[in-house]
Amino acid sequence: MAATTTVEVPHLGGIKAGYALSGGTYDPSKPTCVLINSMCTTVSLYREQFSDASLTNTLNLLAIEPLGHGATSCATEHFTYWDTAVMALQVMDKLGVGRAFALGTSQGGWMVARMALLAPDRIQGLMLLGTSMDYESADSRGKGCWDPKTLLEPFFEKWCSTTPTPDFVVDDVWCGMVASLGFGAGGTAEMVAFWTETLKEIYKGDEGRKKVKMALACLLDRDGLCRRVRDITCPVYWLQGTDDAPFGTTVPAEQIKLFTSSKEATLTMIQGGHHYLNATNPKEVGASLLQMVNKYK
């Protein structure tokens, strides 16, 4: 479900950020990896990583729920992915984490890349999973990426209301789309049921409607990073599934070459992997994360 622990940070007039920390407390003797989840999921997306002793024995895993997600709430209704990046850095501050690696799944990749741009001295390495550094431009769509504005804008319009909606609950169509786009053929009935229950618990009532509406607005209106990632200096390990529905394989192969200042920038295609690689291919993700951490800690 959503995170059960929160921490307050000052950005945007006050944010209560939901997070999960392996072992329950920060161990300064270990390196740390911040994990940022995909659209409309929660820290529970990283259950496989938190249950992997090879990771938790080596690293502090700090999963943070973005603005518009899980237990995270904000003093203002409006925010962007840049705001989540600032928030995540402030969560690190509050927990005493000076430097960290950062892993992002799908939209999480956009957020951790922003963290590396905003605080290059604090992000030791990036792991990007099933993502793109562009917005959904005509160029990206022409190379096999999805068209979310056509697909998702009707949901946004439906979630706009000038009057309170106390009986709102996010519908089954949206819940099913989150699961099908993310897990693809790698999803199970249990996964779909879990995420449907989770989304309906988080996105309900007037507050929940506004929360999911703004989470979607961030996706639909985001800025691309293709002109900026040349300034990222830390190593970048990008993993992309060959069966990634939203972003395919052509665009990642082009965009990894844009990280011209990175100490190392590699793209690994995971055969048969789906969009939420950390969930559908946790062994490959875990091995790659440990490789980066052991090389650059």
### Query
Pairs, please: C-beta under 7 Å, at least 6 apart or cross-chain, first residue touching a residue at least 12 places away in the same chain (Cβ under 8 Å) and in region 163-174, second part of a helix (DSSP H, G or I) and among the acidic types (Asp, Glu)?
Pro164/Asp206; Thr165/Asp206; Pro166/Asp206; Phe168/Asp206
### Query
Looking at (1) outside any loop (DSSP other than H, G, I, E, B); (2) surrounded by 21 or more Cβ atoms within 10 Å (Cβ to Cβ); (3) of a type outside the set (A, V, I, L, M, F, W, C), which is the one condition that is false for His69?
(1)
### Query
Do we find a residue being assigned to a loop (DSSP other than H, G, I, E, B), more than 15 Å from Pro10 (Cα to Cα) and modelled with pLDDT of 95 or more anywhere in region 81-92?
no
### Val97 vs. criteria surrounded by fewer than 24 Cβ atoms within 10 Å (Cβ to Cβ) and among the β-branched types (Val, Ile, Thr)
yes
### Query
Taking Leu220 and the conditions (1) modelled with pLDDT of 95 or more; (2) in contact with a Gly (Cβ under 9 Å, 6 or more places away or on another chain); (3) outside any loop (DSSP other than H, G, I, E, B); (4) within 15 Å of Met39 (Cα to Cα), which numbered condition does it fall short on, given that it satisfies the others?
(2)
### Message
For region 239-262, check the following and say yes or no: at least one residue is farther than 23 Å from Lys143 by Cβ and surrounded by fewer than 23 Cβ atoms within 10 Å (Cβ to Cβ).
### Response
yes
### Message
Here is a check on your reading of the model: is Gly248 of a type outside the set (A, V, I, L, M) and not in a helix (DSSP H, G or I)?
### Response
yes
### Task
Restrict the check to region 73-93 and report whether at least one residue is of a type in the set (A, V, I, L, M), farther than 19 Å from Ala17 by Cβ and out of contact with any helix residue (DSSP H, G or I) (no Cβ under 7 Å at 6 or more places or on another chain).
no
### Task
Only one of these is of a type in the set (Lys, Arg), surrounded by 14 or more Cβ atoms within 10 Å (Cβ to Cβ) and modelled with pLDDT of 95 or more: Arg122, Arg141. Name it.
Arg122
### Query
Across region 43-59, which residue is nearest to Leu199 (Cα to Cα) among those that are of a type in the set (S, T, N, Q) and without any contact (Cβ under 8 Å) to a residue 40 or more places away in the chain?
Ser51
### Task
Pull up region 202-222, narrow it to residues that are closer than 12 Å to Leu152 by Cβ and aliphatic (A, V, I, L, M), then point me to the one that is surrounded by the most Cβ atoms within 10 Å (Cβ to Cβ).
Val212
### Summary
Scanning region 181-192 residue by residue, those in contact (Cβ under 8 Å) with a residue 40 or more places away in the chain and surrounded by fewer than 16 Cβ atoms within 10 Å (Cβ to Cβ) turn out to be Ala185
### Message
Condition check: out of contact with any strand residue (DSSP E or B) (no Cβ under 9 Å at 6 or more places or on another chain), among the hydrophobic types (A, V, I, L, M, F, W, C), crowded, with 17+ Cβ neighbours inside 10 Å and touching a residue at least 12 places away in the same chain (Cβ under 8 Å). Does Cys40 satisfy that?
### Response
yes
### Summary
For region 33-83 the number of residues that are of a type in the set (D, E, K, R) and within 12 Å of the chain's Cα centre (by Cα) is 1
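The values are calculated or read from the model by the stated rules, or taken from the named source; none is laboratory data. Predicted model only: the values in this text are computed from it and were never measured. We place every Cβ from the backbone using ideal geometry, glycine too, and count neighbours over all the protein chains shown.
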